Each structure stands twice: as structure tokens, then as C-alpha cells.
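**Student:** Dropping the structure in here first, questions after.
Bear in mind these aren't lab numbers, they're just calculated from the coordinates by the rules spelled out. Model, not experiment: these values are computed from the prediction. Cβ placement follows ideal geometry from the backbone for every residue including glycine, while neighbour counts extend to all protein chains displayed.
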Amino acid sequence: MLEILHAIGPNSWVSGGDPVARREAMQELFFDHPVCPEETGEDWPEDRELYAEMVVVDGPRLVGTAMLVVDPEREDRPARIWGMGVLPDYRTDFVVRTLEEALINAGCLDPAYAFIEATDGMLVPNPYSDMPGLMRSDSPRAA
């Protein structure tokens with residue numbers, strides 16, 4: 001059964017085992033099976049803020065990982081899902097979208113960021129932002 005778990009914090013997936021080995025597994029997953037391959041060549045800027053990091057596991061097996069980050073120097077879309085890696089057998093729209101939604105909900109992103117850029121480039125409304133006129137639907141995707 002697939003589960004989405006927090007990767008950071010005292011009761012996280014990483015802290016529940018050998019932290020170094022689990023971090024390495026997450027990095028390998030990102031570099032070997034990136035959802036956005038262009039991200040593997042990106043440096044981690046000094047001012048990047050990490051709001052949430054999660055993993056997808058199938059029993060004891062790590063099958064996915066991703067982060068919700070804010071890059072203040074990116075003026076166009078500073079908040080985004082970044083660093084997603086998912087094993088090919090598990091890379092479905094359902095798994096990718098569910099992981100993105102879990103990150104957005106767990107991140108409690110500053111309301112000043114009205115939208116979060118998803119891995120496919122779509123803009124997802126920030127559920128913590130109270131924008132007048134923003135229409136919400138059952139799906140968090142914005143057209």
C-alpha cells in the first residue's frame with residue numbers, strides 16, 4: 001500500500017531509520033528518476049526556503065520524493081514543487097498530483113504566495129492564501 005510520509009522532522013521517514021542512507025536513497029531517486037530532468041542540473045541557492053519535504057513509500061520501499069520550496073530570486077513564480085523523483089512503475093498522474101497536494105497542504109505556505117508551480121508548470125492555488133475573487137473547486141489546479 002502506498003503512503004505519503006513527511007521526510008523532515010522528529011517523527012519523519014528519514015528519522016525512522018538510518019538518516020544518511022535514507023537521504024542518499026532520496027537523492028538517488030531524484031537524480032535517477034526525476035519528474036523534471038532539468039532540475040537535476042540546478043544548484044541549491046543560498047536563499048532557497050524549504051517548506052515541506054515528503055516521500056512516497058510502498059511498504060518498506062521508497063518510490064517517490066519531492067519538496068515544496070520558495071526561491072525568492074524567482075520573481076515570476078517563486079513557490080514551486082521541486083526535486084520530485086518517482087520510480088517509473090509508480091509514475092502516474094495520481095501519484096504525482098497526490099504528492100504535490102500533500103506537499104502544498106503540509107507546507108503551510110505564506111499567504112503572500114497566491115500560487116505554487118506544479119511539476120507540469122500548472123499553477124495551483126495556495127490554500128492558505130485568501131485572494132478576493134479566487135475561485136476554488138474540488139481540484140486545486142488552476143487553468
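**Student:** Given the options GLU101, GLU53, GLU39, state which has the largest fluctuation in a GNM of the chain using a 10 Å cut-off (strictly under) for Cα springs.
**Tutor:** GLU39
**Student:** Anyone know which of PHE94, PHE31, PHE115 comes out most mobile in the 10 Å Cα GNM of the chain?
**Tutor:** PHE94
**Student:** Let me ask something else. Beyond 15 Å, what share of the Cα-Cα pairs of the stretch 78-118 remains, rounded to the nearest whole percent?
**Tutor:** 43
**Student:** Another question, if that's okay. At a threshold of 8 angstrom on Cα-Cα distance, excluding pairs fewer than six apart, so keeping six or more, what relative contact order does the chain reach in percent?
**Tutor:** Computed over the chain, the figure is 20 percent.
**Student:** Using +1 on the beta carbon of Lys and Arg, -1 on that of Asp and Glu, and nothing else charged, what's the dipole of the chain about the Cα centre, debye to 20?
**Tutor:** Roughly 480 debye for the chain.
**Student:** Pick from THR119, THR92, THR65: which is most flexible by mean-square fluctuation in a GNM of the chain where alpha carbon atoms under 10 Å apart are linked?
**Tutor:** THR92
**Student:** Tell me the net charge near ASP58. Cut-off is 12 Å between Cβ atoms, ASP58 excluded, with +1 for each Lys or Arg and -1 for each Asp or Glu.
**Tutor:** Residues close to ASP58 contribute a combined charge of -1.
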